[in-house]
Amino acid sequence: MNLKNDYENAKFTHIYVEKRVWSHPRTKEILTHFPKAQIVAIDHYKDVFNRRGQDVICEHRSQSLILAQKEDHYFYEGAPVCQDFGNTNFYYCSTMMNCIFDCSYCYLKGMYPSGHMVIFVNLEDYFRELEQILVKKPMYLCVSYDSDLLAMEPLVGYAKHWADFAAKHDNLKIEIRTKSAGHKMWELPCLTNVIYAFTLSPQRMIDACEKGTPSAKARIACATTGLKLGYSIRLCFDPMLYLPTWREDYDTLLRQVDEAFKEQGLSMKQLTDVSVGTFRISQDYMKKLRRTMPAAPAVQFPYVNVGGVYQYPPKLLKEMEDYLILELGKRMDKEKIYHE
Ligand code: SF4
């Protein structure tokens, strides 16, 4: 994906800017990337983002950008459906809302009322609050949940800011999760407490459900390059998605992983860890997602509701996860394989 062309030609032809961040240096810097965009001053991002009756899918196709200020609730406790990788004090934060990629199963389409993208420009306020928390306790923080930060790196550089912050705080561990694959990301700081986490899906699933994302091969190549350079790399086989050919598809994916590791002279034992998890989503998000995406097979699958979470029927779920855990267990220590 050519992000530059994407930003400048297709997306973000309209940029809404809260009046209170109009003069913020980061606002000015972001706007330099869009000399042709129509800039609209607004009072509050919610005036655009939270309007009733928006068509999330249409908006995502011609996404506008909203530059705003986050006022409170900088950090949230990790949700039970998210993997904590054995860490205590598991939190996440949203410095952006919505994503440049367009995965049909993405929970963001069920969570947000809009397909437009918000960037909170006051990153330093997050850091200020985090400084105070870290005086009292360590934290494991996922900074790329409600967007894909690394996909937006050429525009805002937030991953670099987070890594620079983590470099000064030993008791902070951050995870930056991504489906992007720009090798430029290896100009970012290489630190033991910053984990670059790559979501891997079989190519057939990428073609079917993960519009706009880099290929499986490109993601694997980027991850192995990072590992070779000494970065902390996590591979996330999560969400695993069902297709009738899922076993064959994951076999192919694992073969691609094996080949890439071999080419670089690496072993999967060198990974920080891996995660395995089949697709799951809270019932509230699923309700909206099903209304929004009536033709998406990954959304309309007859999932079962277990305690408010939609997931694959237990037999299928177990079959898929067990298979992958078994295969990964042949390649690396079992203690490094996390699953729900
Ligand atoms: S990359 Fe992640 S956040 Fe972005 S659309 Fe896909 S699932 Fe959603």
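Scanning the stretch 152-175 for residues that are within 16 Å of the ligand (Cβ to nearest atom), part of a helix (DSSP H, G or I) and charged (D, E, K, R) yields a single hit, Glu153.
Given the criterion out of contact with any Lys or Arg (no Cβ under 7 Å at 6 or more places or on another chain), surrounded by fewer than 19 Cβ atoms within 10 Å (Cβ to Cβ) and not small (Gly, Ala, Ser), identify the matching residue among Cys209, Cys190. Before the answer, list the steps.
Values: Cys209 fails: surrounded by fewer than 19 Cβ atoms within 10 Å (Cβ to Cβ).
Exactly one of Cys209, Cys190 is out of contact with any Lys or Arg (no Cβ under 7 Å at 6 or more places or on another chain), surrounded by fewer than 19 Cβ atoms within 10 Å (Cβ to Cβ) and not small (Gly, Ala, Ser), namely Cys190.
Can you spot a residue in the stretch 276-283 that is in contact with a Ser or Thr (Cβ under 9 Å, 6 or more places away or on another chain) and modelled with pLDDT of 95 or more? No. Counting only strands (runs of 3 or more DSSP E) that sit wholly inside the stretch 243-340, those with at least 2 residues that are surrounded by 14 or more Cβ atoms within 10 Å (Cβ to Cβ) are 273-278, 280-282, 309-311, 337-339.
Consider Glu153 carefully, then state whether it is among the charged types (D, E, K, R), under 19 Å from Thr95 (Cα atoms) and surrounded by 21 or more Cβ atoms within 10 Å (Cβ to Cβ).
Details: among the charged types (D, E, K, R): yes; under 19 Å from Thr95 (Cα atoms): yes; surrounded by 21 or more Cβ atoms within 10 Å (Cβ to Cβ): yes.
The answer is yes for Glu153.
The strands (runs of 3 or more DSSP E) located wholly in the stretch 46-144 that include 2 or more residues which are more than 16 Å from the ligand (Cβ to nearest atom) occupy 65-68, 90-92, 139-142.
Remark: Ser215 falls outside the filter, which requires a residue to be over 20 Å from Pro244 (Cα atoms), within 13 Å of the ligand (Cβ to nearest atom) and in contact with a helix residue (DSSP H, G or I) (Cβ under 8 Å, 6 or more places away or on another chain). If you scan the stretch 221-233, which residues turn out to be under 18 Å from the mean Cα position of the chain (by Cα) and either within 14 Å of the ligand (Cβ to nearest atom) or crowded, with 23+ Cβ neighbours inside 10 Å (or both)? Scanning the stretch 221-233 gives Cys222, Ala223, Ile233.
Filter the stretch 30-64 down to residues that are touching a residue at least 40 places away in the same chain (Cβ under 8 Å) and farther than 23 Å from Lys288 by Cβ and give me whichever is surrounded by the fewest Cβ atoms within 10 Å (Cβ to Cβ). Show your work before the answer.
Quick first cut of the stretch 30-64, residues touching a residue at least 40 places away in the same chain (Cβ under 8 Å) only: 30, 33, 45, 48-52, 54-64.
Still in the list and also farther than 23 Å from Lys288 by Cβ: 30, 33.
On the way: Ile30: 22, His33: 16.
Taking the candidates together, the pick is His33.
Does the stretch 192-204 include one or more residues that are among the basic types (Lys, Arg), at negative phi and either within 16 Å of the ligand (Cβ to nearest atom) or within 18 Å of the chain's Cα centre (by Cα) (or both)? No, the stretch 192-204 contains no residue that is among the basic types (Lys, Arg), at negative phi and either within 16 Å of the ligand (Cβ to nearest atom) or within 18 Å of the chain's Cα centre (by Cα) (or both). Would you confirm whether any residue within the stretch 176-191 is of a type in the set (S, T, N, Q), within 27 Å of Ala223 (Cα to Cα), away from the ligand (no atom under 16 Å from the Cβ) and modelled with pLDDT of 95 or more? Among the residues of the stretch 176-191, not one is of a type in the set (S, T, N, Q), within 27 Å of Ala223 (Cα to Cα), away from the ligand (no atom under 16 Å from the Cβ) and modelled with pLDDT of 95 or more, which makes the answer no.
The values are calculated or read from the model by the stated rules, or taken from the named source; none is laboratory data. This one's a predicted model, so the numbers in the text were calculated from it and none came from an experiment. Cβ: placed from backbone, ideal geometry, glycine included. Neighbour counts: every protein chain shown.
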